[in-house]
Amino acid sequence: MSKITPQPGIMEIALYEGGQSHVEGVTNVLKLSSNENPYGPSPKVTAAIAAAAAEVHRYPNTDHLPLRQAIGEVHGLDPAQIICGVGSDEVLQFLCQAYAGPGDEVLHTEHGFAMYPILAHAVGATPVVATERERVTDVDALLAACTERTRLVFIANPNNPTGTMIGGNEVARLADGLPEGAILVLDGAYAEFAPGYDGGVSLIEGRDNVFMTRTFSKLYGLGGLRIGWGYGPKPIIDVLARIRQPFNLSEVQMAAAIAALRDREYTAHCVAENARLRVWLAEQLATLGVPSDTSLTNFVLARFANTAEAEAVDMHLKSRGVIVRRVASYGLPHCLRITVGDEAGCARVIDGIRSFREGRA
């Protein structure tokens, strides 16, 4: 018998499954399963990528300074308190690598992002689940679940896949109630879609135990390039920088991200269209007897009568070339997560669910 064994926790990982993108035998497929920007990136991004491509034989700079400066400029942050990663997932990974290990606990919410327990297991830590209240983060449940072994507390705000969020006072109460030595990590992958929300910046100022992450995959339409960043107290940034690979982002990635950040007119258009169509989609679902919580993201979590109905609707939509996301793995088997597409895409979703209700093929 082989004595080659992985580190503790590795074999506990259930592999992450991304949103489906193809349906066998079906053409004109509409992918609404991964919360991607239906309009794609800014045209200025594609121009920046083309320009940067001429230098791909050169190693990128190791400190990401131009990108960190651009992030700081747009968000009003100190670039010295920013770290960049291969998607925000890598920044979350840095946090687990640096602050959690065997014997430690990583806390997350009942319907939180699937990567949180995966990252905890990867470093040998124990993931701990706190219940939510009607698909909303419950601060009291999180605080009750904390122990002297709690090292990281992950909440996505707004949350994926529920689309719900809690206000700044509640987040502050959570941060201030954590045990000594624990870090509150605010995953802000969808922060840009919540009006007036800073992702947690105001909470980080004056506290040493709050950190936030952001991504270019959603609003900015750069999911295929994998670019993310984190912002937090300088001592935490200094720790994370010690384990970051020196060339983890290419010049192409950084050039694309900078161009995306600086095209404020384009991103404002995308945010406005998403808000308009998200409301329309939710209202149309409601007229078909499909409720959803108020979403502050670029998707809607549609709730059906039971698991069987959700699965049947999903199969019916796929037969019509519309791919949405089943979320049974998030503890929501009676729900489907539907990305807010463009106007035609949202109309296809509603027409598909209406035809299911009416028994049409």
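The values are calculated or read from the model by the stated rules, or taken from the named source; none is laboratory data. Remember, predicted model here, so these are calculated numbers, not experimental data. Backbone-built Cβ (ideal geometry, glycine too); neighbour counts: all protein chains shown.
Residues of the stretch 279-293 being within 21 Å of P161 (Cβ to Cβ) and out of contact with any helix residue (DSSP H, G or I) (no Cβ under 8 Å at 6 or more places or on another chain), which ones? Give the steps one after another, and end with the answer.
Filtering the stretch 279-293 for residues within 21 Å of P161 (Cβ to Cβ) gives 279-286, 288-293.
Listed by number, the residues that qualify are V279, A282, E283, A286, D293.
Whenever a residue of the stretch 213-237 is assigned by TED's automatic domain parsing to the domain that holds Q93 and over 17 Å from L186 (Cα atoms), its partners that are among the aliphatic types (A, V, I, L, M) and assigned to a loop (DSSP other than H, G, I, E, B), lying with C-beta atoms within less than 6 angstrom and at least six residues away or across chains, give the pairs R226/V86.
What is the residue count in the stretch 124-135 for residues that are buried (at least 16 other Cβ atoms within 10 Å of the Cβ) and touching a strand residue (DSSP E or B) at 6+ places or on another chain (Cβ under 9 Å)? Spell out the reasoning first.
So in the stretch 124-135, the residues buried (at least 16 other Cβ atoms within 10 Å of the Cβ) come out as 124-130, 132, 135.
Then keep just the ones that are touching a strand residue (DSSP E or B) at 6+ places or on another chain (Cβ under 9 Å); that gives 125-130, 132, 135.
Counting residues in the stretch 124-135 that are buried (at least 16 other Cβ atoms within 10 Å of the Cβ) and touching a strand residue (DSSP E or B) at 6+ places or on another chain (Cβ under 9 Å) gives 8.
Which of the residues belonging to the stretch 238-252 are without any contact (Cβ under 8 Å) to a residue 60 or more places away in the chain and over 22 Å from L186 (Cα atoms)? Selection gives Q245 alone.
Looking at L142, L119, L92 in this structure, which one is within 13 Å of A182 (Cα to Cα) and crowded, with 23+ Cβ neighbours inside 10 Å? Before the answer, list the steps.
On the way: L119 fails: within 13 Å of A182 (Cα to Cα); L92 fails: within 13 Å of A182 (Cα to Cα).
From the options L142, L119, L92, the qualifying one is L142.
Annotation: E265 fulfils all but one of (1) surrounded by fewer than 20 Cβ atoms within 10 Å (Cβ to Cβ); (2) under 22 Å from the mean Cα position of the chain (by Cα); (3) in a helix (DSSP H, G or I); the unmet one is (2).
L288: surrounded by 20 or more Cβ atoms within 10 Å (Cβ to Cβ), outside the structural domain of P195 (by TED's automatic domain parsing) and either of a type outside the set (G, A, S) or within 29 Å of K44 (Cα to Cα) (or both), yes or no? Criteria not met by L288. Consider A302 carefully, then state whether it is surrounded by 17 or more Cβ atoms within 10 Å (Cβ to Cβ), on the phi < 0 side of the Ramachandran plot and in the same structural domain as A70 (by TED's automatic domain parsing). No: the conditions fail for A302.
Do we have R276 as under 12 Å from Y220 (Cβ atoms) and surrounded by fewer than 16 Cβ atoms within 10 Å (Cβ to Cβ) here? No; evaluated as a whole, the condition is false for this residue.
Listed conditions (1) assigned to a strand (DSSP E or B); (2) in contact with a His (Cβ under 6 Å, 6 or more places away or on another chain) are all met by L152, apart from (2). Scanning the stretch 155-203 for residues that are touching a residue at least 60 places away in the same chain (Cβ under 8 Å) and assigned to a strand (DSSP E or B) returns I183, V185, D187.
For the stretch 140-190, which residues satisfy the criterion of being among the β-branched types (V, I, T) and within 20 Å of the chain's Cα centre (by Cα)?
Quick first cut of the stretch 140-190, residues among the β-branched types (V, I, T) only: 147, 150, 153, 155, 162, 164, 166, 171, 183, 185.
Those that are among the β-branched types (V, I, T) and within 20 Å of the chain's Cα centre (by Cα): V153, I155, T162, T164, I166, V171, I183, V185.
In the set P102, P127, which member is part of a loop (DSSP other than H, G, I, E, B), more than 24 Å from G224 (Cα to Cα) and assigned by TED's automatic domain parsing to the domain that holds I243? From the options P102, P127, the qualifying one is P102. Scanning the stretch 321-344 for residues that are closer than 18 Å to L296 by Cα and modelled with pLDDT under 95 yields a count of 0.
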